[in-house]
Amino acid sequence: MNTPSAPTVLLNNGVAMPRLGLGTWPLKGADAQRTVAFALNNGYRLIDTATAYGNESAVGRGIRAADVAREDIFVTTKLRSSDHGHERTLRAVDASVAALGLEYIDLFLIHWPVPSQNLYVETWQALRKVLADGHVRAIGVSNFKPAHLERVIGETGTVPAVNQIQLSPLTSQAEPRAYHRNHHILTESWSPLGKGTDLLGHPTVTGLASKYGKSPGQIVLRWHMDLGLAAIPKSNNPQRIISNIDIFDFVLTPEEVESLCALDTGAAQPVDSDAMQPGLMGPETP
């Protein structure tokens, strides 16, 4: 079948990254492997995981099971909070490469800044080393606020390529997005569909879905694209996986984009906590 594919964006170090991918929290085992392979065989080229998800090995098996060349796949994983610190970070990167069964990782992120540890700058220095050594192609952060980014950039001189943050029309993160744009950092949205909220049933969203003959989820994902963001919706439903990437045959008007931005509540969306494993996941979901 003809499958759509997401356009790419050049990160600030010149590496091309797809703008829409598959999030894999909280997929595990055979379900993760099957879902990753299915997504790759149906047009996806960006796969997002994390050490804290406990599924890197399964994700790696899914990548190898797909009928897609490794060089055409962009793999992101993240450092868990307990691995902060220079030497622990170096070991953690090696462990992720081994768990995924890959020769390199395309994008490695610090999952959370954990300012109480005061190690995120030291950790960032370690990621600069693995980037220079060629173990990863790009480095970035996740859930960093502008103040954290200011310190990292100011003390190391290296600007993260990506900051992955919770972002949807209900939590549109205008201030961080502006900071990222001014510093050439790509904003990547986790929970882009506002999981746990009534976003997809909002009249503004459903009205646009009716106008364009698209699903509410497709409208929201198109909003991310029209704002210049990357997004990683999670699903293990084959029809939903295909639907989520079928958003590149239409665009929203600037007025429609603004109407969705106007849904911002100014508050973080709820996140799943029932599957969090004390001592492993901590605050790292998703």
Open item on the list: What's the number of the only condition in (1) open to solvent by 30 Å² or more (accessible area, probe 1.4 Å); (2) within 30 Å of Val159 (Cβ to Cβ) that Asn244 fails to meet?
Closed with: (1)
Open item on the list: Which residue is surrounded by the most Cβ atoms within 10 Å (Cβ to Cβ), if the candidates are limited to the stretch 75-92 and must be closer than 25 Å to Leu22 by Cα and basic (Lys, Arg)?
Closed with: Lys78
Open item on the list: Tell me whether the stretch 93-111 contains one or more residues that are farther than 23 Å from Ala231 by Cα and open to solvent by less than 10 Å² (accessible area, probe 1.4 Å).
Closed with: yes
- [ ] Working carefully through the options Val68, Val75, Val93, Val59, find the one that is free of Cβ contacts under 8 Å to residues at least 40 places away in the same chain, closer than 19 Å to His135 by Cα and not small (Gly, Ala, Ser).
- [x] Val75
- [ ] Name every residue in the stretch 112-129 that is open to solvent by less than 10 Å² (accessible area, probe 1.4 Å) and more than 20 Å from the chain's Cα centre (by Cα), in order of residue number.
- [x] Ala126
Task: Where Tyr212 falls short, out of the listed (1) in contact with a Pro (Cβ under 8 Å, 6 or more places away or on another chain); (2) modelled with pLDDT of 95 or more; (3) more than 30 Å from Leu11 (Cα to Cα) - done: (1)
- [ ] Taking only the stretch 220-234 into account, find how many residues are under 12 Å from Ile245 (Cα atoms), within 15 Å of the chain's Cα centre (by Cα) and open to solvent by 20 Å² or more (accessible area, probe 1.4 Å).
- [x] 1
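Quick grid of which residues meet (1) aliphatic (A, V, I, L, M); (2) touching a strand residue (DSSP E or B) at 6+ places or on another chain (Cβ under 8 Å):
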| residue | (1), (2) |
| --- | --- |
| Thr8 | no, yes |
| Val15 | yes, yes |
| Leu22 | yes, yes |
| Trp25 | no, yes |
| Tyr44 | no, yes |
| Ile47 | yes, yes |
| Gly54 | no, no |
| Phe74 | no, yes |
Task: Among the candidates Ala58, Ala6, Ala92, Ala52, residue that is aliphatic (A, V, I, L, M), more than 27 Å from Gln117 (Cβ to Cβ) and in a helix (DSSP H, G or I) - done: Ala58
TODO: State all residues of the stretch 9-49 that are part of a loop (DSSP other than H, G, I, E, B), closer than 13 Å to Leu186 by Cβ and either more than 15 Å from the chain's Cα centre (by Cα) or basic (Lys, Arg) (or both); if no residue qualifies, say none.
DONE: Asn12, Asn13, Gly14, Val15, Arg19
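Can you tell me which residue within the stretch 149-168, out of those that are under 13 Å from the mean Cα position of the chain (by Cα) and in contact (Cβ under 8 Å) with a residue 40 or more places away in the chain, is surrounded by the fewest Cβ atoms within 10 Å (Cβ to Cβ)? Give the derivation first.
Filtering the stretch 149-168 down to residues under 13 Å from the mean Cα position of the chain (by Cα) leaves 161-168.
Next cut, in contact (Cβ under 8 Å) with a residue 40 or more places away in the chain only: 161-162, 164, 166-168.
Numbers: Ala161: 25, Val162: 23, Gln164: 29, Gln166: 18, Leu167: 23, Ser168: 26.
For the stretch 149-168, the residue satisfying everything is Gln166.
The values are calculated or read from the model by the stated rules, or taken from the named source; none is laboratory data. Model, not experiment: these values are computed from the prediction. FYI the Cβ positions are ideal-geometry reconstructions off the backbone, even for glycines, and counts take in every protein chain you see. To get the accessible areas, we keep the full protein, side chains included, count just its heavy atoms, and leave off ligands, DNA and RNA. Shrake-Rupley method; radii C 1.70, N 1.55, O 1.52, S 1.80 Å.
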